[in-house]
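*Asks:* Below you'll find the structure I mean.
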Amino acid sequence: MILIWGIPSEPPIRRLLDELDQLGEPYVMVSQRQFAQTDLHLTIDAVGNLDGTLTYQGQTYPLSGLTGVYLRLVDDEVLPEFQHLAPADPLRTHARRLIQHLTLWTEWSGSRVVNRMSAMTSNNSKPYQAQFIRQHGFRIPNTLITNEPDLAQDFCRQYNNRVIYKSISGVRSIVQQWDPVADAEKLALIRHCPVQFQEQVEGFDVRVHVIGELAIATRITAHATDYRYAIQQTGEAATLTPYDLDPDVAANCVALSQALGLDFSGIDLRIQPDGAVYCFEVNPCPAYSYYESHTDQPIAARLAEYLSGHDQYYRRIWQL
């Protein structure tokens, strides 16, 4: 049986559930919003094996029977049911202990987990993640991380103001192109929080979804600095199409994902006209449904097969 834990109405989860239904694969969908009706009881046997039971909406499931797990959690602070609780309400403690137990069990479970919490933390620091990226055959843009306005201005001048800037954390931020006039006026604000500045790399964007040993690539064409916000930045939506990724690049993507301990990842590449490949980051919990909806690439289907253990026949790198 497959365990899915998150918000059932969210498109990546909805698509995965649809594909599990197509496979006829049994699953239990635990809504994170229903924490009051959820319990996770852990046990340790005489030889140190971790086991236990999951109880959800009156049904109990042995953890040993859960062979695949998909986690797509949100911060409990944003849940309406959590926000309405008084500060001392025992349900607050219960909700947080529930996630602690889930984290502990998935770290030690023999189940196929997409993805373990420990592996997802690499995205909390872009500089840390960049070390892995460089070790796996990719270039990274020349980068400055600073909270010194003078250093930032010198860096931007060095690249003739062809520079972008973004957050160094895992919190989503909109990538912006440096404007020497408009941005100089607010540059002093970086004293309160370091910012990552990078040379702007020419070329086209490719998102690679890695599922186990499978790489599915999508080419993105957009005039925006951040194609995710193309309409807001340029008034024109990005165009997404399936992309035939070079086998060596695909192999590097798989190796990078595995080095980070990720069974499922979204890797952001930019390919220059001369074929040089830059990697910007690795998303450990990709919103893959955005790419799938534009291209009909079978990302959810392959993810469902992977969680179900039905992926033996494609234990090689495919280009789709």
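The values are calculated or read from the model by the stated rules, or taken from the named source; none is laboratory data. As the structure is a computational prediction, the values presented were derived from the model and not from experiment. Ideal geometry is used to build each Cβ from the backbone, glycine not excepted, and the neighbour counts take in all protein chains shown.
*Asks:* In the range 289-301, is there at least one residue being at pLDDT 95 or above, outside any loop (DSSP other than H, G, I, E, B), touching a Cys at 6+ places or on another chain (Cβ under 9 Å) and within 26 Å of GLN200 (Cβ to Cβ)?
*Replies:* Checking the range 289-301: not a single residue is at pLDDT 95 or above, outside any loop (DSSP other than H, G, I, E, B), touching a Cys at 6+ places or on another chain (Cβ under 9 Å) and within 26 Å of GLN200 (Cβ to Cβ).
*Asks:* Within the range 5-15, identify whether any single residue is buried (at least 18 other Cβ atoms within 10 Å of the Cβ), assigned by TED's automatic domain parsing to the domain that holds THR103 and among the charged types (D, E, K, R), and answer yes or no.
*Replies:* Yes.
*Asks:* Could you look through the range 123-133, keep only residues that are of a type outside the set (D, E, K, R) and modelled with pLDDT under 85, and pick out the one that is nearest to LEU307 (Cα to Cα)?
*Replies:* If we filter the range 123-133 for residues that are of a type outside the set (D, E, K, R), which is where we start, we get 123-125, 127-133.
Add one more test, that the residue is modelled with pLDDT under 85, and what stays is 123-125, 127.
Working: ASN123: 22, ASN124: 25, SER125: 28, PRO127: 30 Å.
Residue satisfying both the conditions and the ranking: ASN123.
*Asks:* From (1) within 25 Å of VAL282 (Cα to Cα); (2) modelled with pLDDT of 85 or more; (3) crowded, with 16+ Cβ neighbours inside 10 Å; (4) not hydroxyl-bearing (Ser, Thr, Tyr), pick out the condition that doesn't hold for GLN153.
*Replies:* Of the numbered conditions (1) within 25 Å of VAL282 (Cα to Cα); (2) modelled with pLDDT of 85 or more; (3) crowded, with 16+ Cβ neighbours inside 10 Å; (4) not hydroxyl-bearing (Ser, Thr, Tyr), the odd one out for GLN153 is (1).
*Asks:* If you don't mind, there's one more thing I want to ask. If you go through the range 54-92 one residue at a time, how many are surrounded by 13 or more Cβ atoms within 10 Å (Cβ to Cβ), without any contact (Cβ under 8 Å) to a residue 60 or more places away in the chain and under 28 Å from the mean Cα position of the chain (by Cα)?
*Replies:* Selection size over the range 54-92: 10.
*Asks:* Quick one: what pairs do we get from the range 145-174, first residue more than 15 Å from ALA188 (Cα to Cα), second basic (Lys, Arg) and outside any loop (DSSP other than H, G, I, E, B), C-beta under 6 Å, 6+ apart or different chains?
*Replies:* Close Cβ pairs (under 6 Å, with a partner that is basic (Lys, Arg) and outside any loop (DSSP other than H, G, I, E, B)) amount to ILE168/LYS126; SER173/LYS166.
*Asks:* Which one of these does GLY137 not meet: (1) closer than 20 Å to PRO284 by Cβ; (2) more than 16 Å from the chain's Cα centre (by Cα); (3) not in a loop (DSSP other than H, G, I, E, B)?
*Replies:* With (1) closer than 20 Å to PRO284 by Cβ; (2) more than 16 Å from the chain's Cα centre (by Cα); (3) not in a loop (DSSP other than H, G, I, E, B) applied to GLY137, the lone miss is (3).
*Asks:* Which residue out of ALA251, ALA217, ALA255, ALA230 is at pLDDT below 70, among the hydrophobic types (A, V, I, L, M, F, W, C) and not in a loop (DSSP other than H, G, I, E, B)?
*Replies:* Details: ALA251 fails: at pLDDT below 70; ALA217 fails: at pLDDT below 70; ALA255 fails: at pLDDT below 70.
Result: ALA230 is the single residue among ALA251, ALA217, ALA255, ALA230 that is at pLDDT below 70, among the hydrophobic types (A, V, I, L, M, F, W, C) and not in a loop (DSSP other than H, G, I, E, B).
*Asks:* Still on this structure, I have one more. Does ALA95 satisfy the condition of being within 18 Å of the chain's Cα centre (by Cα), touching a residue at least 60 places away in the same chain (Cβ under 8 Å) and part of a helix (DSSP H, G or I)?
*Replies:* On the way: within 18 Å of the chain's Cα centre (by Cα): no; touching a residue at least 60 places away in the same chain (Cβ under 8 Å): yes; part of a helix (DSSP H, G or I): yes.
It is false that ALA95 is within 18 Å of the chain's Cα centre (by Cα), touching a residue at least 60 places away in the same chain (Cβ under 8 Å) and part of a helix (DSSP H, G or I).
*Asks:* Are any residues in the range 109-120 assigned to a helix (DSSP H, G or I) and surrounded by 15 or more Cβ atoms within 10 Å (Cβ to Cβ), and if so, which ones? Before the answer, list the steps.
*Replies:* The initial filter retains those residues of the range 109-120 that are assigned to a helix (DSSP H, G or I), namely 117-120.
Within the range 109-120, MET117, ALA119, MET120 qualify.
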